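Below is one structure; the comments refer to it alone.
Read-outs: derived from the displayed coordinates by stated rules, not from any lab. Predicted model only: the values in this text are computed from it and were never measured. FYI the Cβ positions are ideal-geometry reconstructions off the backbone, even for glycines, and counts take in every protein chain you see.
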Amino acid sequence: SLKKKSNWRWEAGEGKESDRRATMAAVDLSKLVKEKRFWAASFLIAWAAALQGHMMWLKRQDAFKDKFGDPEAPNKVTEQGHQQPPAGEQGELTADAEIR
């Protein structure tokens, strides 16, 4: 039950009903924490959230590789070395802008 304490503020009454509700809530909470089903459900929810976060991270990594290329792939330019074509010959330009 609510009592009007002043013109602008309401407070809960100090009756047996509000005390009983608070006690029942505390008892229900302590029972909930002791139940194995509560912990199993909490673990399952946390695991699902972690899995979703990991999948989002993998998707972001794949998008980066699609945009900029795979950093683990061999780099054609740096691993072949810079070979200059002979002075009289012009190198052939390939589709990915390499001189051969």
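Could you compute the FRET efficiency for Met55 and Leu29, with r as their C-beta to C-beta distance and R0 at 30 Å, rounded to 0.05? Calculated transfer efficiency: 0.35.
Neighbour counting of Cβ atoms within 10 Å sorts the residues Lys59, Lys65, fewest neighbours leading, into Lys59, Lys65. A simple rule links phi to the HN-Hα coupling: the Karplus curve 6.51 cos²θ - 1.76 cosθ + 1.60 with θ = phi - 60°, which for the stretch 50-64 gives 5, 5, 5, x, 5, 5, 5, 5, 4, 5, 5, 5, 5, 5, 5 Hz, with x for Gly and Pro.
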